[in-house]
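The values are calculated or read from the model by the stated rules, or taken from the named source; none is laboratory data. Source: prediction; values computed, not measured. Methodologically, a virtual Cβ is constructed for each residue, glycine included, from the backbone with ideal geometry; neighbour enumeration extends over all protein chains shown.
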Amino acid sequence: MKLVRFLMVGGFLGAGKTTAIARLAKHYTEQGMRVGIVTNDQAFGLVDTESLRAQGFDVGEVPGACFCCKFDDLIETAQQLDDQTSPDVIIAEPVGSCTDLAATVVEPLRHLYGEKYELGPLAVLLKPEHGRKILRKETGVGFSPKAAYIFLKQIEEADIVVLNKMDKLSEDDREELLGLVADRFPGKQVMAASAKSGDNFADLIDALASTPAKRNSFMDVDYDVYAEGEAELGWLNCQLKISAESPFDLDDAIFGLVQGIKSRLRKSAIEAAHLKVLGQSRESTSIANLVSNDADVEQSLAAEVKVAAADCIINARVASDPAELESAIRQSVDEWKTERGIAGEVTGMQRFRPGRPVPTHRMS
């Protein structure tokens, strides 16, 4: 029986997981391998899923909670991919606010399904925008120590830590961050790469081809702190249908919406962990995102078309009360529509705080 290579690429909200997974999937596909991807989120209606599908990949989705709490759904989704395309590699993208994956997902997979899946190293992308502040132990990082606790635990359990977005960092900043990780987590395999530009990405591909040692122990996790850290984040997924009398530039419109939301969040002193907006019309997809209040808005996927109508998805994860977040999003959307002469309506809205994680399995 052929073993399916199972890889998990984690990291904090806005670390660049989807971009990294898309580059990995493209690499494996070019090597003649079939690839399946499983995305994961606390809510339904993911920009990540639609983004990866728009790039031609086979994607399954596990919504509603982290992989650790939806372990059986993860297995079922992986099986569906297996039935449909018989992948050689499955790449899983866990929720960006999730940790303790080694004990609750990786080792249970090895223990229960080792005859089917060959487990690769657990890779965690380090988000420089918030990582520098957290590793320096700065105050005013936009998140409380409880949310920072999750960030640090993700690094602690990783087999491979990847300082992502190295193309945006000066050499001094890059060396400082790598040194901060090495000092705090001695012996950890650490590298710098850019999922977007491809710089040093071959190093990650090589590292993921290795066979990790079976874990005989697992890190301690205070689930009270973990739960409270997750609950600080407001989660919002919103769906819109928009149209205009004259065709408009889809990329410019989506970029402008993210800019408007960013301005409102900054005025309200609400820190963004990750904000993604997708606009889709027929076969064309545009995505813009924001990974912190201090960062620039980025066009992560360009449609390069003018359209008269589109479906939009907003995924927002911010350090805010969910009701306050919804109000900010609705006001931003209304202002954006007025400024651009766009008509539209909200067709779906979810907003909440993540509940306490209750893993299906946890190895000890």
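Considering (1) outside any helix (DSSP H, G or I); (2) surrounded by fewer than 20 Cβ atoms within 10 Å (Cβ to Cβ), the lone condition that Ser194 does not fulfil carries the number (2). Restricted to the range 1-118, the set of helices (runs of 4 or more DSSP H) holding at least 3 residues that are over 27 Å from Ser284 (Cα atoms), small (Gly, Ala, Ser) and over 18 Å from the mean Cα position of the chain (by Cα) is empty. Being hydrophobic (A, V, I, L, M, F, W, C), touching a Pro at 6+ places or on another chain (Cβ under 7 Å), modelled with pLDDT of 95 or more and not assigned by TED's automatic domain parsing to the domain that holds Lys70 is a property that does not hold for Ala316. When the range 299-323 is filtered for residues that are of a type in the set (D, E, K, R), surrounded by fewer than 17 Cβ atoms within 10 Å (Cβ to Cβ) and in contact with a Phe, Trp or Tyr (Cβ under 9 Å, 6 or more places away or on another chain), only Lys306 remains. Taken together, Val225, Val221 contain a single residue that is in the same structural domain as Ser97 (by TED's automatic domain parsing) and touching a Ser or Thr at 6+ places or on another chain (Cβ under 9 Å), which is Val221. When the range 261-277 is examined, which residues are found to be farther than 13 Å from Val318 by Cβ and surrounded by 17 or more Cβ atoms within 10 Å (Cβ to Cβ)? If the condition is that a residue be farther than 13 Å from Val318 by Cβ and surrounded by 17 or more Cβ atoms within 10 Å (Cβ to Cβ), then Val277 is the only one that fits.
For the range 213-240, the set of residues classified as surrounded by 14 or more Cβ atoms within 10 Å (Cβ to Cβ) and either part of a strand (DSSP E or B) or out of contact with any Pro (no Cβ under 9 Å at 6 or more places or on another chain) (or both) consists of Arg215, Phe218, Val221, Glu228, Glu232, Gly234, Trp235, Leu236, Asn237, Cys238, Gln239, Leu240, listed by residue number.
When Ala147 is tested against (1) crowded, with 16+ Cβ neighbours inside 10 Å; (2) more than 26 Å from Cys66 (Cβ to Cβ); (3) in contact with a helix residue (DSSP H, G or I) (Cβ under 8 Å, 6 or more places away or on another chain), only condition (2) is not met. Of all residues assigned to the range 280-290, none qualifies as being among the acidic types (Asp, Glu), outside the structural domain of Ala193 (by TED's automatic domain parsing) and at pLDDT 95 or above. Take the residues in the range 324-339 that are loosely packed, with under 15 Cβ neighbours inside 10 Å and not β-branched (Val, Ile, Thr), then tell me which one is nearest to Ala244 (Cα to Cα). The selected residue is Glu339.
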